[in-house]
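Written below as structure tokens is the structure these notes are about.
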Amino acid sequence: DSGVTQTPKHLITATGQRVTLRCSPRSGDLSVYWYQQSLDQGLQFLIQYYNGEERAKGNILERFSAQQFPDLHSELNLSSLELGDSALYFCASSVDNRGTDTQYFGPGTRLTVL
Amino acid sequence: DQQVKQNSPSLSVQEGRISILNCDYTNSMFDYFLWYKKYPAEGPTFLISISSIKDKNEDGRFTVFLNKSAKHLSLHIVPSQPGDSAVYFCAGQNYGGSQGNLIFGKGTKLSVKP
């Protein structure tokens, strides 16, 4: 158990809908990262937050957004969903923003868009 | 453009023998490299890392070798055990540029047969 929790575990929804994925980092961790794992693309970095502020952006679509709240949990919002958004979404957390801090991953949320 | 490539999608090894997983990268700005292991229905877990100023790092049965001139790294597992059967992801990071996010390869599925 990494100490990172993600809810829900599974999500099934229809095209055009909007969903919110939630992540609680390990106690004491200030950085939260979101990654997407699709069948053909492997694990892709989406976005990073550090202590409530956006720190780095990767291949995140404009239809996707995220935020980190004062209690350090984070939410990833996916809107106008398309079939191709079906994937595993992982959240990871680390103590600080130093690159060498180990990132601990949650178990993921499996999103299926029908 | 894939910055981290794991060209072998799968590898099968006999228990007790050596497993060698390979990874190539193209981004010269990477200064830190990591290997993560992933079991089904779980998030990736950190295995071992290496700084670009080193060419080898060892942790028990796991050794990572880095060849900067060839932009190549490899993970050696000796001896391999059935519990090592998992998907292994190689990742690069540019922490000197304050980029904490990991750039992952697509993974290699290792099967260790008893």
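The values are calculated or read from the model by the stated rules, or taken from the named source; none is laboratory data. From a predicted model like this one, the values you see are computed outputs, not experimental measurements. Backbone-built Cβ (ideal geometry, glycine too); neighbour counts: all protein chains shown. Remember, those area values only see protein heavy atoms, side chains included, never the ligands or the DNA or RNA. Shrake-Rupley method; radii C 1.70, N 1.55, O 1.52, S 1.80 Å.
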Quiz prompt | Verdict on A:Ser79 being in contact with a strand residue (DSSP E or B) (Cβ under 7 Å, 6 or more places away or on another chain), of a type outside the set (A, V, I, L, M, F, W, C) and either open to solvent by 10 Å² or more (accessible area, probe 1.4 Å) or in contact (Cβ under 8 Å) with a residue 40 or more places away in the chain (or both) | solution = no
Exercise. Select from the range A:60-101 the residues that are over 13 Å from the mean Cα position of the chain (by Cα) and within 14 Å of chain B (Cβ to nearest Cβ) and list them in ascending order.
Key: A:Ser94, A:Val95, A:Asp96, A:Asn97, A:Arg98, A:Gly99, A:Thr100, A:Asp101
Quiz prompt | Tally of residues being open to solvent by 80 Å² or more (accessible area, probe 1.4 Å), farther than 19 Å from A:Thr109 by Cα and in contact with a strand residue (DSSP E or B) (Cβ under 7 Å, 6 or more places away or on another chain) across the range A:55-68 | solution = 2
Quiz prompt | Residues of the range A:20-43 classified as open to solvent by 50 Å² or more (accessible area, probe 1.4 Å) and within 11 Å of chain B (Cβ to nearest Cβ), total | solution = 3
Quiz item: Of all residues in the range A:86-114, which are buried (at least 21 other Cβ atoms within 10 Å of the Cβ), at pLDDT 95 or above and not in a strand (DSSP E or B)?
Solution: A:Gly106, A:Gly108
Quiz item: Tell me, which strands (runs of 3 or more DSSP E) wholly within the range B:35-114 include 3 or more residues that are within 8 Å of chain A (Cβ to nearest Cβ) and closer than 21 Å to A:Gly58 by Cα?
Solution: B:86-94, B:99-104
Exercise. For the range A:44-54, enumerate the residues that are open to solvent by 30 Å² or more (accessible area, probe 1.4 Å) and at the interface with chain B (Cβ under 9 Å from one of its Cβ atoms).
Key: A:Gln44, A:Tyr50
Quiz prompt | Residue in the range B:11-18 that is among the β-branched types (Val, Ile, Thr), closer than 24 Å to B:Ser69 by Cα, modelled with pLDDT of 90 or more and surrounded by 13 or more Cβ atoms within 10 Å (Cβ to Cβ) present | solution = no
